[in-house]
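Undergrad: Could you have a look at this structure, given as structure tokens, before my questions?
The values are calculated or read from the model by the stated rules, or taken from the named source; none is laboratory data. Treat the numbers as computed from the prediction; the structure is a model and nothing was measured. Every residue, glycine among them, receives a Cβ derived from its backbone with ideal geometry; neighbour counts consider all protein chains shown.
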Amino acid sequence: MYRPPQRIKYKPDAGRSPSASEARAALLFSPISYGNMHLEQRTWVPAMVPWRASEDGSVTDDILDWYERMARGKPGALVVEATGIRDIPSGPLLRVGDDRYIPGLKDLADVVHKASEGQTKLFIQIIDFLAIRRRVERGTFINRFLDITEQHRQRLGGVGPGVDDVREKLMALTDDELRAVLTQREYESLSMGFRERVTDVHLSHIRELPNVLPDLFAMAAGRAQKAGLDGIELHYAHAYTMASFLSARNSRTDGYGGSQMDRLRLPLEVFRRVRGVVGDDYVLGCRYLGDECIDAGSGVEDAKFFGVEFARAGMDFLSVSRGGKFEDAAQPKTGSAAYPYTGPSGYECMPSYISDEQGPFGRNFNTVAAIREAVRAAGFETPIVVAGGIHGFEQAEAALGSGVADIIGAARQSLADPDWFLKLRLGRGNEVRVCEYTNSCEGLDQKHKQVTCRLWDRGGLDEPGVKLSKDGRRRLVAPSWKRQ
Ligand SMILES: Cc1cc2nc3c(=O)[nH]c(=O)nc-3n(C[C@H](O)[C@H](O)[C@H](O)COP(=O)(O)O)c2cc1C
Ligand code: SF4
């Protein structure tokens, strides 16, 4: 996990909490309506993968418990974790790539609507991602995965005729010598594990992405709508396929890469196809990056342009994240796959309490404010969601009041205390369990372990009815709020 070299430690301070009457007059708890989206309040729990789906991607009792617990805090919107649009094995990540997922998602929608007494809108984040492989031993890479080419022969010089002769010689090289013989991409696959990119157009399934993705997204969205979800968040952020199309690093020459307009083409085509299936009166927006935070990646000027075009196309909301890319991820251990939140851009996505002069709280504010200003200047009122280190009422209220955003997203704070918005609203902010931004939850996510918060386990683990994680040491959901 990356930490800025300054290593300045910050202690979250939730600041002053409102009284109940002050909360009633607060922007944070005022409703918002735009397009098809009507929220009771401007509080939003962004997508978080809890690693609780079944191996075939279905909703489980643990998933229902997780979202039921979140919904008891009655946020304006709750976004279901990144859910795969394809029907392909992807471990315990939710999927919506087939009609057989509809009944489970229907249970999920029912549970959330009931627990929130109808006050929370349940959206689902739908995602496509490309293949990534674990990093393998050098010998395994050279002998099993490396395609021997003429270039290897030339760079090695004087090698026997068979491919095994080439492999044998490669095996005998030092790391530096090997690096000089392999292409940059081959060396990256050796040191980081192989990872597909949207620019790998020599692979037919990558070349064809613009032809297949609009329908895959549209069918997935149609299923979620059928299941009773209240809206769709297209996942155009972080390290995944659609964000890679938007990226300034996308150099495809088939009309889907290069200029800003061409990089935007597939995301807009996906949006229009989804809109065609879910209809004009259903909530449809996206999550995308205000800044990729990597060398030669898209920055805020790109994000302003994309935001205006998304608004023009008719999105009902724009949720803005930052960073979270593979390009600067830390080298995984042999046997593990790269994780996009381990490098500097990953830090920007989920900043921890060890930070730089800017600090971890509200790191995305300036970028989101600039995007919102551009969207407004173009004449659109599309609501903008901000997230990143938000954990206090005054901080949230100031962001809304100063025009940074229209809706406050809080992921880790809502994980630490799913009731926190409700506590603030009821004038009981002093009872909020404040997130410490230690990122223990993110560490669990990285290891594909059931995500929990370290603050949940300060006692009462042996109380009746408490469900524990597979290792038997952690609560699976936040403790109940014992209201007096
Ligand atoms: C355990 C965990 C899982 C996450 N999963 C997702 C996800 O599925 N989709 C997504 O867009 N962001 C995901 N995120 C990022 C959060 O939505 C959010 O953008 C980030 O944590 C910063 O907001 P915060 O400071 O309020 O936590 C995840 C974050 C955590 C901690
Ligand atoms: S483990 Fe809990 S306290 Fe630590 S960052 Fe995650 S939500 Fe916050």
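Undergrad: For segment 41-51, check the following and say yes or no: at least one residue is away from ligand 1 (no atom under 16 Å from the Cβ) and surrounded by fewer than 23 Cβ atoms within 10 Å (Cβ to Cβ).
TA: No, segment 41-51 contains no residue that is away from ligand 1 (no atom under 16 Å from the Cβ) and surrounded by fewer than 23 Cβ atoms within 10 Å (Cβ to Cβ).
Undergrad: Going through segment 300-327 one residue at a time, which ones are closer than 17 Å to Phe245 by Cα and basic (Lys, Arg)?
TA: Those that are closer than 17 Å to Phe245 by Cα and basic (Lys, Arg): Lys304, Arg322, Lys325.
Undergrad: Right, Ser321: buried (at least 24 other Cβ atoms within 10 Å of the Cβ) and in the same structural domain as Tyr34 (by TED's automatic domain parsing) or not?
TA: yes
Undergrad: So, Asp457, is that one over 24 Å from the mean Cα position of the chain (by Cα) and free of Cβ contacts under 8 Å to residues at least 12 places away in the same chain or not?
TA: When the stated conditions are applied, Asp457 does not pass them.
Undergrad: Is it the case that Lys467 is surrounded by fewer than 15 Cβ atoms within 10 Å (Cβ to Cβ) and within 16 Å of ligand 2 (Cβ to nearest atom)?
TA: no
Undergrad: Continuing with this model, one more query. Identify, from the list Asp295, Asp230, Asp254, the residue that is touching a residue at least 24 places away in the same chain (Cβ under 8 Å) and either of a type in the set (Ser, Thr, Tyr) or touching a Pro at 6+ places or on another chain (Cβ under 8 Å) (or both).
TA: Answer to the selection: Asp254.
Undergrad: Determine, yes or no, whether Ser33 is over 14 Å from Gly76 (Cα atoms) and more than 16 Å from ligand 1 (Cβ to nearest atom).
TA: No; evaluated as a whole, the condition is false for this residue.
Undergrad: While we're looking at this one, here's another question. Regarding segment 94-101, can at least one residue be identified that is within 15 Å of ligand 1 (Cβ to nearest atom), crowded, with 16+ Cβ neighbours inside 10 Å, modelled with pLDDT of 95 or more and of a type in the set (Phe, Trp, Tyr)?
TA: The answer is no; no qualifying residue exists.
Undergrad: Before we move on, is Ala237 more than 24 Å from Asp291 (Cβ to Cβ), in contact (Cβ under 8 Å) with a residue 40 or more places away in the chain and of a type in the set (Gly, Ala, Ser)?
TA: So Ala237 fails the test.
Undergrad: Determine, yes or no, whether Asp419 is more than 29 Å from Pro332 (Cβ to Cβ), surrounded by 15 or more Cβ atoms within 10 Å (Cβ to Cβ), among the acidic types (Asp, Glu) and out of contact with any Cys (no Cβ under 9 Å at 6 or more places or on another chain).
TA: Taking the combined requirement at face value, the residue satisfies it.
Undergrad: Looking at segment 225-238, is at least one residue surrounded by 23 or more Cβ atoms within 10 Å (Cβ to Cβ), farther than 20 Å from Phe123 by Cα and of a type in the set (D, E, K, R)?
TA: No, the conditions are met nowhere in segment 225-238.
Undergrad: Additional query: Looking only at segment 356-375, which residues are among the polar types (S, T, N, Q), closer than 9 Å to Val404 by Cα and surrounded by 15 or more Cβ atoms within 10 Å (Cβ to Cβ)?
TA: Thr367
Undergrad: Any residue at all in segment 393-406 that's within 9 Å of ligand 1 (Cβ to nearest atom) and either in contact with a Gly (Cβ under 8 Å, 6 or more places away or on another chain) or in contact (Cβ under 8 Å) with a residue 12 or more places away in the chain (or both)?
TA: Checked segment 393-406: no residue is within 9 Å of ligand 1 (Cβ to nearest atom) and either in contact with a Gly (Cβ under 8 Å, 6 or more places away or on another chain) or in contact (Cβ under 8 Å) with a residue 12 or more places away in the chain (or both).
Undergrad: Just checking, which of Ser33, Ser54, Ser90, Ser21 is closer than 30 Å to Phe380 by Cα and either more than 20 Å from the chain's Cα centre (by Cα) or part of a loop (DSSP other than H, G, I, E, B) (or both)?
TA: Testing whether each residue is closer than 30 Å to Phe380 by Cα and either more than 20 Å from the chain's Cα centre (by Cα) or part of a loop (DSSP other than H, G, I, E, B) (or both) leaves just Ser33.
Undergrad: Tell me, yes or no, whether segment 426-434 has at least one residue that is surrounded by 22 or more Cβ atoms within 10 Å (Cβ to Cβ), within 16 Å of ligand 2 (Cβ to nearest atom) and not hydrophobic (A, V, I, L, M, F, W, C).
TA: No.
Undergrad: Among the residues of segment 270-285, are any among the small types (Gly, Ala, Ser), touching a residue at least 24 places away in the same chain (Cβ under 8 Å) and closer than 30 Å to Pro360 by Cβ?
TA: Looking for residues that are among the small types (Gly, Ala, Ser), touching a residue at least 24 places away in the same chain (Cβ under 8 Å) and closer than 30 Å to Pro360 by Cβ, one finds at least one in segment 270-285, hence yes.
Undergrad: Name the one entry in Phe361, Phe365 that is in contact with a Pro (Cβ under 8 Å, 6 or more places away or on another chain) and within 16 Å of ligand 1 (Cβ to nearest atom).
TA: It is Phe361.
Undergrad: Next up: Would segment 413-422 turn up any residue that is more than 22 Å from Ala82 (Cα to Cα) and away from ligand 2 (no atom under 16 Å from the Cβ)?
TA: yes
Undergrad: Here's a follow-up. Just to verify a result, which residue in segment 416-434, among those that are away from ligand 1 (no atom under 16 Å from the Cβ) and within 15 Å of Glu22 (Cα to Cα), is nearest to the chain's Cα centre (by Cα)?
TA: Leu422
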